[in-house]
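Values quoted throughout were computed directly from the atomic coordinates according to the rules given, and no laboratory measurement underlies them. Owing to the predicted nature of the structure, the values given are computational and were not obtained by experimental measurement. Because the Cβ atoms are built from the backbone with ideal geometry, glycine has one as well, and the counts that use them run over all protein chains shown.
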Amino acid sequence: MERFRVIGGARLCGTVKVSGAKNSALKLMAASLLAPGKSTITNLPDIADVEYMAELLTRLGCEVSINKDKSSVTIDVPEKIAHRADYDLVRKLRASINVLGPLVTRVGEAEVALPGGDAIGSRGLDFHINGLTDMGAKVHSEHGYVIAEAPNGLTGAAITLEFPSVGATENIMTAATLAKGVTTIENAAREPDVVDLGEFLIAMGAKIKGLGSHSIEITGVAKLNPTTHATLPDRIVAGTWAFAAAMTQGDITIENGRADHLELPLDKLVAAGAVVTTTENGFRVKMDRRPTAVDIATLPYPGFPTDLQPMVITLNAIADGTSLVTENVFEGRFMFVNELLRLGAKIQVDGHHAAITGIDQLSAAPVAATDIRAGAGLVLAALVSDGETIIEDAFHIDRGYPDFAAQLKALGADVSRI
């Protein structure tokens, strides 16, 4: 098992480049199943989850070719594809559930193991299943698999989500592209990743209206065609670097960062005392003093992203003042707090609220990453600690942050993998 070794005290300065979004690239790869032929996805992040998704698609019968620098993938989808996604791969990444919609609409059946991924709380599939059922699929769970059958194809339906679930919106949208008639999704997710997937589908020939709004309309077509598409930049990685600059009183220019996808997080950093400016192809975050504590509540986009919650908690842990962080999306996110307490943070958790009293500096100690974002948050916490911190289970961080240690070193941090 690899670990991160971090020596605290560095002020991060310089430029980083953000690659494609993990939460978009994996869904685009899954959606390629909808069209026989070769689809190419560029601006890929060099992360382990891309390899897992490539293996999953290979087992479904596709020929998958990732280029040498791992920045693009070509997926050659055959006319006939398999329909079973096995547990040994699905347990490694939750995005594997995104093959459910494409398989059931294209093949008429799908067997997908109940997914794994990060331990951040319950992420049930009820919304996915209810949507496919409304479209005429027969769905049940058996031996740890979700089994969906629609031998005569799917039919458009009016679907209202109880919660704007990203995964459910994506699965219903992909399934609807080849369904008969019109499907509407009310209370749809508005995340940039959903819009990116929709634009990929439109490039394949899908008829979709309302991307980025709470109401999406999909008119089914007889066939989709392969295409080439560039993954949008990763807003969570960009946001992580923004918080790293503020936390370490640094100055980081984030190339390929989309400030328009991070309006609320960047507003909170300005409230904390940072100076945020846009650049020709990104934005810059500079901080010259100890941060001021800020309150946040996580919400679906365009609210404050739950994936940046560990970063704002860490910022508040060394900020001037007290703050309240409310988690409204994943109840398991606060597992991260137990590790932060080992570093001396003063945090009290009550249900989905965390009350934080800032201190001048954290105290180095061994900690363990429990998920991708918690791992990144702990690395940032180690940067503002008083000595050597070892972060166990580095593989979590690798799933979402390409070359994280190397990029931190280039910004002036004393970070190594051991």
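Excluding same-chain neighbours fewer than eight residues apart, the lysines reachable from residue 70 by a Cα-Cα span under 29 Å are 17, 22, 27, 38, 80, 92, 409. Its Cα gyration tensor gives the stretch 269-337 an equivalent ellipsoid; the semi-axes, largest first and in whole Å, are 22, 17, 9.
Against the main long axis of the alpha-carbon atoms of the chain, helix 192-203 sits at an angle near 30°.
Once a ≥ b ≥ c are taken as the square roots of the eigenvalues of the Cα gyration tensor of the stretch 349-418, is the result rounded (a/c under 1.5), prolate (a/b larger than b/c) or oblate (a/b not larger than b/c)? Cα axes put the stretch 349-418 in the oblate bin. Karplus-derived 3J(HN,Hα) values for the stretch 27-33, using 6.51 cos²θ - 1.76 cosθ + 1.60 with θ = phi - 60°, are 6, 4, 4, 5, 5, 4, 4 Hz; glycine and proline are entered as x.
Provide the net charge surrounding residue 340, with neighbours chosen by a C-beta distance below 15 Å and charges set as Lys +1, Arg +1, Asp -1, Glu -1. Overall, the nearby charge balance is -1.
Highest mean packing comes first when the peptides 183-191, 283-291, 67-75, 238-246 are listed by Cβ atoms within 10 Å, giving 238-246, 183-191, 283-291, 67-75. The Cα-based radius of gyration and maximum Cα-Cα distance (Dmax) for the chain are 21.3, 64 Å. Ignoring lysines fewer than eight residues from residue 268 along the same chain, the ones with Cα atoms less than 19 angstrom from its Cα are 286.
The Rg/Rh ratio of the stretch 1-132, with both radii computed over alpha carbons and Rh defined as the Kirkwood radius, is 1.04. Size of the stretch 260-418 from its Cα atoms: along the principal axes, largest to smallest, the extents are 42, 37, 29 Å. Over the stretch 168-268, the reciprocal of the mean inverse Cα-Cα separation, the Kirkwood hydrodynamic radius, stands at 15.3 Å.
Please state the relative contact order of the chain as a whole percent: Cα pairs under 8 Å, 6+ residues apart? Relative contact order comes out at 21 percent.
Seen through its C-alpha gyration tensor, with square-root eigenvalues sorted a ≥ b ≥ c, the stretch 231-316 comes out oblate because a/c lies at 1.5 or above while a/b is not bigger than b/c. Among 33, 56, 341, the largest mean-square fluctuation in a Gaussian network model of the chain, built with springs joining Cα atoms closer than 10 Å, belongs to 341. For the chain, the longest principal axis of the Cα atoms and the long axis of helix 372-383 meet at an angle of about 10 degrees. Taking a ≥ b ≥ c as the square roots of the eigenvalues of the alpha carbon gyration tensor, the stretch 79-223 is oblate, as a/c is not under 1.5 and a/b does not beat b/c. Counting only alpha carbon atoms, the long axis of helix 166-176 and the longest principal axis of the chain meet at about 20°.
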